[in-house]
Amino acid sequence: MSPTMIGIYVFVLSCFVGYHVIWGVTPALHTPLMAVTNAISAIVVVGAILVAGFHEGEGQLGLIEIIGFFAVALASINIFGGFVVTNRILAMFKRKK
Amino acid sequence: MGINQEVFALVYLAATVLFIFGLKGLASPKTALRGNLFAMIGMFIAVVATVMNPEVRNYTWIAAGLAVGALIGTTVALKIQMTAMPQLVAALHSFVGLSAVLVALGTYFAHQDAGHLNTTLMVELAIGSFIGAITFTGSLIAFGKLQGLLGSNPVVFKGQHFLNLLMAVVMLGFGAWFVIGDSLAGFLIMTFMALILGFTLIIPIGGADMPVVVSMLNSYSGWAAAATGFTLGNNLLITTGALVGSSGAILSYIMCKAMNRGFISVILGGFGGDAAAASAVPAGKGVKSASSEDVAFMLENSSKVIIVPGYGMAVSQAQHAIKELYEVLAEKGVQVKFAIHPVAGRMPGHMNVLLAESEIPYDSVFEMDEINSEFSTCDVCFVIGANDVVNPDAKTNKASPLYGMPILDAYKSKQVFVNKRSMKVGYAGVDNALFYYPNTSLVFGDAKAVTEQLVQALRGTGH
């Protein structure tokens, strides 16, 4: 199997996992669900890091580095913003009485 | 693939499993915080493993990007008001989209440098870029509508859908040019067309359909991540993207079902705003209005009260006043429950978060299916800032645009009080038959001000 074909297998099976896990989420927590999926969709940071770190030599700044920097920064806003706000919301649900 | 790459793959697998446990934790408020922690650990090890990858050869810009993102993200997340959550989520979706576009572009340059371009990769790059671009501008428009920077009315014109279709075809054409001709211009024009398409796809969708739009863009951001995973040959991204994508898709489905609207009809847009106006309410039929003293008196002498919050509660930030009302009534021995319609507010679960913020215990808050049978046994139903979701026309009037939408059966209560700012119609643009029911009285005023008056009146009368 080609890597792309393996990827398609992984993709389709993951959709099934997602389907079952997400239907188990209680409707009261749908907002934190969106916030946390926001954070984890920022896993594109992996690609962004590979771009930003592509060239050898610290500190040099070319087109690839500029693109990589912005991609890492945007994804990180999501990671930190998403997780922190999810934590804030869930803490509100926790403090019962 | 050396031994190192196998180790990285294992770490990524661990991150995947942690993400799945993270989402699973949201099955209950009791396990949710732990779940979030799992997801954070997953993200942490994924980032650390990637930085340690030998393919990463300099750290300056990675460190700078992470620092800037951490600073902005944390600050915004700590400061944002809970009523503004829909906007925040929309803004964050747009960042994932733009980031995916940049990763596709950067990956193209990097592989060009290294001479590793091939057709499969270029197809994947093109797909990653245009999904990301549509997510980016689409989310910006959603953000603008939610934040009130853009009008929330749908923007429709003749031939709109044909134009969108045409643009999509042209976009794919430029994508093909990029893949076949290895043309950077093709890539850039395709991405540019996708940016415009994201814009034109979302502007026809009105404010009331925002819960669907936000969920749909949530889904797109996942698909964008999955597409990026294909370009990098990284299963962690593919899996995570698929999880997020299916999450958003399921939420969109739940929202559509709660509005009795087809998904296609929502994305085609044009619903709500000034266009629709049909109603079965005979002209000239009057409504009764009540003062806050009347309402306070009725509430005090009830044994069971159901409160139905809606977007109006969020707009006037009334949740803390409502918490006080809840407490006063509880002190007087009145049982108070909250009834939440799935599409109340501007995003799934919006009302639950606001009530949780004001420290109302979540076991007093019920979903539509759980509480609908209880309206007939309650003495007073207090509707605060909700409209279409309690409109009995949805059940009885086939001519109503709302017909078929599941509603909260507020009209079955012995007495209904509806708080409204004015007689303006709801987001669906239809009159509400509930206002004209003999057991309904309207309480005019701002949600927060009215609730505060109620609390005062109840406190004042003593036992």
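Computed from the coordinates by the stated procedures, all read-outs in this text should not be read as laboratory data. Keep in mind that what you see is a predicted model, and the values were worked out from it rather than measured. Don't worry about glycine lacking a Cβ; one is built from the backbone with ideal geometry, like all the others, and counts go over all protein chains shown.
Work out, in µm²/s and without decimals, the Stokes-Einstein translational diffusion coefficient of region B:37-83 at 20 °C, 1.002 mPa s, Rh from Kirkwood over C-alpha pairs. Could the numbers behind the result be given before it?
Working: Rh = 12.5 Å.
Roughly 171 µm²/s, to the nearest whole number.
How much net charge surrounds B:Gly175 when only the other residues with a Cβ under 13 Å from the Cβ of B:Gly175 are counted, with Lys and Arg +1 and Asp and Glu -1?
Working: positive: none; negative: B:Glu124, B:Asp182.
Here the count lands on -2.
I'd like the mean, over residues of B:361-367, of how many other protein chain beta carbons sit within 10 Å of each residue's own Cβ.
On the way: counts 4, 7, 2, 1, 2, 1, 3.
For peptide B:361-367, the averaged partner shielding equals 3.
Which three lengths, in whole Å and largest first, does region B:74-137 cover when its Cα atoms are put on their principal axes?
Largest to smallest, the principal-axis extents are 49, 21, 13 Å.
Using unit Cβ charges (K, R positive; D, E negative) and no other charged atoms, how large, in debye to the nearest 20, is the dipole of region B:83-275 about its Cα centre? Working shown, then result.
On the way: 4 positive and 5 negative charges, 89 e Å.
Once rounded to the nearest 20, the dipole reads 420 debye.
Starting from the Cα coordinates of region A:28-92, work out the convex hull volume and express it per residue in Å³.
Working: hull volume 4.3 nm³, N = 65.
Measuring per residue, one finds 66 Å³ for the Cα hull of region A:28-92.
Give, rounded to the nearest 20 debye, the magnitude of the charge dipole that chain B has about its Cα centre when Lys and Arg contribute +1 at Cβ and Asp and Glu contribute -1 at Cβ.
Details: 25 positive and 27 negative charges, 104 e Å.
The calculated dipole for chain B is roughly 500 debye.
In degrees between 0 and 90, to the nearest 10, how far off the longest principal axis of chain B does helix B:235-258 point, with axes built from Cα atoms?
30
Considering Cα pairs under 8 angstrom that are at least six residues apart, work out the relative contact order of chain B and quote it in whole percent.
Numbers: 812 pairs, mean separation 63.3, N = 463.
RCO, chain B: 14 percent.
Just in region B:374-445: which trypsin sites (Lys or Arg not before Pro) are loop by DSSP and have at most 10 other Cβ atoms within 10 Å?
Values: sites: B:Lys395, B:Lys398, B:Lys412, B:Lys414, B:Lys420, B:Arg421, B:Lys424; in loops: B:Lys398, B:Lys414, B:Arg421, B:Lys424.
Taking region B:374-445 and a limit of 10 other Cβ atoms within 10 Å, the loop trypsin sites (Lys or Arg not before Pro) found are B:Lys398, B:Lys424.
Across the residues of B:219-231, average count of Cβ atoms on other protein chains within 10 Å?
That works out to 5 on average.
Given the C-alpha atoms of region B:1-79, compute the convex hull and give its volume per residue in Å³.
Numbers: hull volume 6.2 nm³, N = 79.
Once divided by residue count, the hull of region B:1-79 is 79 Å³.
Regarding the protein assembly as shown, what's the average projected area of the Cα-atom convex hull, expressed in nm²? If you can, show how the numbers build up before the last one.
Numbers: hull surface 101.9 nm².
Average projection, Cα convex hull of the protein assembly as shown: 25.5 nm².
Using a ≥ b ≥ c from the Cα gyration tensor of region B:43-187 (square roots of the eigenvalues), is it rounded, prolate or oblate, where a/c under 1.5 gives rounded and otherwise the larger of a/b and b/c decides, a/b for prolate?
Details: a/c = 3.34, a/b = 1.07, b/c = 3.14.
Since a/c reaches 1.5 but b/c is at least a/b, the shape of region B:43-187 is classed as oblate.
Expressed in whole Å with the largest first, what are the equivalent ellipsoid semi-axes of region B:123-198 derived from the C-alpha gyration tensor as the square root of 5 times each eigenvalue? Write down the numbers at each step before the final one.
On the way: eigenvalues 144, 43, 11 Å².
Here the semi-axes work out to 27, 15, 7 Å.
With axes computed from alpha carbons, what is the tilt in degrees of helix A:3-23 against the longest principal axis of chain A, rounded to the nearest 10 within 0 to 90?
Roughly 20 degrees, rounded to the nearest 10.
Determine the sum of side-chain charges near B:Ile203: Lys and Arg each +1, Asp and Glu each -1, restricted to other residues whose C-beta is under 15 angstrom from that of B:Ile203. Provide the component values of the computation, followed by the final result.
Values: positive: B:Lys145, B:Lys158; negative: B:Asp209.
Residues close to B:Ile203 contribute a combined charge of +1.
How large is the dipole of chain A about the Cα centre if only Lys and Arg carry +1 and Asp and Glu carry -1, each at its Cβ, rounded to the nearest 20 debye? Can you show the working numbers first?
Values: 5 positive and 3 negative charges, 188 e Å.
Dipole of chain A, to the nearest 20 debye: 900 debye.
Count charges around B:Ser316 for me, please; just the other residues with Cβ under 10 Å from its Cβ, Lys/Arg as +1, Asp/Glu as -1. Walk me through the numbers on the way to the answer.
Working: positive: B:Arg421, B:Lys448; negative: B:Asp446.
Around B:Ser316, the charge tally is +1.
Mind putting together the pair-distance distribution for chain B? All Cα pairs, 20 Å bins, whole percent per bin, short to long.
Pair shares across the bins are 22, 48, 24, 5, 0.
For chain B, take the longest principal axis of its alpha carbons; what is the angle in degrees between that and the long axis of helix B:3-25, to the nearest 10 within 0 to 90?
10
Can you tell which of A:Met5, B:Val266, B:Ser413 lies farthest toward the positive end of the dipole of the protein assembly as shown, using +1 and -1 charges on the Cβ of basic and acidic side chains (Lys, Arg; Asp, Glu)?
Projecting each Cα onto the dipole axis, the largest value belongs to B:Ser413.
For peptide B:43-49, what's the mean number of Cβ atoms from other chains within 10 Å of each residue's Cβ? It would help to have the intermediate numbers written out before the result.
On the way: counts 10, 2, 0, 6, 9, 0, 2.
Partner-chain Cβ atoms within 10 Å, mean over residues of B:43-49: 4.
With a ≥ b ≥ c the root eigenvalues of the C-alpha gyration tensor of region B:138-261, is it rounded (a/c under 1.5), prolate (a/b larger than b/c) or oblate?
On the way: a/c = 2.26, a/b = 1.23, b/c = 1.83.
Verdict is oblate for region B:138-261.
Report, as a whole number in µm² per second, the diffusion coefficient that Stokes-Einstein gives for region B:366-463 at 37 °C and 0.692 mPa s using the Kirkwood radius over alpha carbon pairs.
Values: Rh = 14.3 Å.
The Stokes-Einstein estimate is 229 µm²/s.
Based on the alpha-carbon set only, what is the convex hull volume of region B:292-460 divided per residue, in Å³? Don't skip to the end; give the middle numbers.
Numbers: hull volume 16.9 nm³, N = 169.
Given the Cα convex hull of region B:292-460, per-residue volume reads 100 Å³.
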